[in-house]
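> Let me give you the structure first, and then I'll get to my questions.
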Amino acid sequence: MSKIVVGNFKMNMTLQDVAQYVQYINNINFNPNQNEIILCPSYIYIPYLNNNIKFKVGAQDVSANHMGSYTGEISAMQLKSENVKYSILGHSERRMNFRETENIINKKIRQCVDNNIKPIVCIGESKEERLMMKTEQILRRSILDLFRGFTKEQLSDIIVAYEPIWAIGSGITPTPKEIEETAYYIKDLVRSAYKVDIRVLYGGSINLSDMHKFIGLNNIDGYLIGGASIDVEEFSKIVELIS
Ligand code: PGA
């Protein structure tokens, strides 16, 4: 089954770094018809990557608004005009540092859907919520709030990234069985609530040395990779391993 691999560069790399990255990764063994590799750099490097790399390019965020007086924001329509087909939305770093709520993220999904950009929507529980056995409750609440107001067809384009907040950048991950069960929970919930099949990715402290744990998991359609995607050699090996 084909997999989706999303590299989230976060606020890292300069233009020179991105150029070196491209030079390296363009030489690896990769069949573009087999898996979808989507690299998400800072906005300003999207045109450069789109023009130079053989992978797909996505954004890390988008404005909740259509256009107008929103200094510093980038709209979905602008991303579309740069041929962007994917955007990460609702990453926990945005929820924490920029107070994004489900309501705001729902509006961002709307902007993406209206501009033919596939949303990669992040959801996940905090450590405290997990300890209180609230993971499913949190994921359920998120999905019902985020998926509000879309047609079945639009919902089927949403990719959900299950990213436990405590696993991001921490080196600690859920067990493969926990990931499979949670992904099943998400898919089953969406299937019963909306009669739609969606794709679910896992993200949080994925790296090359642990990759064997994540390959071949039931109900997992791919991976969202932060730190390890910034290291071009490591990320290239991950891509080759999956291919
Ligand atoms: P990480 O980040 O792979 O560095 O844990 C994942 C993410 O933030 O999407």
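> Could you please give the count of residues in the range 1-48 that are part of a loop (DSSP other than H, G, I, E, B), at negative phi and charged (D, E, K, R)?
Counting residues in the range 1-48 that are part of a loop (DSSP other than H, G, I, E, B), at negative phi and charged (D, E, K, R) gives 1.
> OK, next. Would you confirm whether or not the range 63-76 contains a residue that is outside any loop (DSSP other than H, G, I, E, B) and exposed (fewer than 15 other Cβ atoms within 10 Å of the Cβ)?
Filtering the range 63-76 for residues outside any loop (DSSP other than H, G, I, E, B) gives 76.
Next cut, exposed (fewer than 15 other Cβ atoms within 10 Å of the Cβ) only: none.
No, the range 63-76 contains no residue that is outside any loop (DSSP other than H, G, I, E, B) and exposed (fewer than 15 other Cβ atoms within 10 Å of the Cβ).
> For residue 58, which of the numbered conditions (1) outside any helix (DSSP H, G or I); (2) away from the ligand (no atom under 16 Å from the Cβ) fails to hold?
So residue 58 meets the others, but not (2).
> For the range 95-147, which residues satisfy the criterion of being of a type in the set (S, T, N, Q) and surrounded by 15 or more Cβ atoms within 10 Å (Cβ to Cβ)? Working first, answer last.
Of the range 95-147, the ones of a type in the set (S, T, N, Q) are 97, 101, 103, 106, 111, 115-116, 126, 135, 137, 142.
Matches in the range 95-147: 106, 111, 115, 126, 135, 142.
> Name every residue in the range 80-120 that is in a loop (DSSP other than H, G, I, E, B) and not aromatic (Phe, Trp, Tyr), in order of residue number.
82, 83, 84, 85, 90, 91, 99, 100, 101, 115, 116, 117
> Within the range 209-219, can you find the residues that are within 15 Å of the ligand (Cβ to nearest atom) and within 18 Å of the chain's Cα centre (by Cα)?
Just the residues of the range 209-219 that are within 15 Å of the ligand (Cβ to nearest atom), to begin with: 209-211, 213-214.
Hits for the range 209-219 are 211, 214.
> How do the pairs read when you match residues in the range 210-238 that are under 21 Å from residue 26 (Cα atoms) with residues anywhere that are acidic (Asp, Glu) and part of a loop (DSSP other than H, G, I, E, B), using Cβ under 8 Å and keeping only pairs 6 or more apart or on different chains?
Sorted first by the residue in the range 210-238, then by its partner, the pairs are 224/163.
> A further question follows. Just give me the residues in the range 61-88 being farther than 13 Å from residue 115 by Cβ and within 16 Å of the ligand (Cβ to nearest atom), in sequence order.
61, 88
> For the range 41-50, indicate whether the set of residues that are under 17 Å from residue 231 (Cα atoms) and surrounded by fewer than 20 Cβ atoms within 10 Å (Cβ to Cβ) is non-empty.
Scanning the range 41-50, I find at least one residue that is under 17 Å from residue 231 (Cα atoms) and surrounded by fewer than 20 Cβ atoms within 10 Å (Cβ to Cβ), so the answer is yes.
> Something else: Starting from the range 121-145, keep only residues that are under 20 Å from residue 225 (Cα atoms) and at pLDDT 95 or above, then list their pairs with residues that are within 16 Å of the ligand (Cβ to nearest atom) and acidic (Asp, Glu) whose Cβ atoms are within a distance under 6 Å, requiring at least 6 positions of separation or different chains.
Sorted first by the residue in the range 121-145, then by its partner, the pairs are 122/163; 124/163.
> Say we look at the range 4-38 and pick out the residues that are within 16 Å of the ligand (Cβ to nearest atom) and not β-branched (Val, Ile, Thr); which of these is nearest to residue 235 (Cα to Cα)?
Just the residues of the range 4-38 that are within 16 Å of the ligand (Cβ to nearest atom), to begin with: 4-13, 37-38.
Subsequent filtering for residues that are not β-branched (Val, Ile, Thr) retains 7-13.
Values: 7: 8, 8: 11, 9: 11, 10: 15, 11: 17, 12: 15, 13: 15 Å.
Ranking the qualifying residues of the range 4-38, first place goes to 7.
> For the range 164-195, what are the residues that are touching a Phe, Trp or Tyr at 6+ places or on another chain (Cβ under 9 Å) and farther than 21 Å from residue 127 by Cα?
If the condition is that a residue be touching a Phe, Trp or Tyr at 6+ places or on another chain (Cβ under 9 Å) and farther than 21 Å from residue 127 by Cα, then 190, 193, 194 are the ones that fit.
The values are calculated or read from the model by the stated rules, or taken from the named source; none is laboratory data. All values derive from a computational prediction rather than experimental measurement. Don't worry about glycine lacking a Cβ; one is built from the backbone with ideal geometry, like all the others, and counts go over all protein chains shown.
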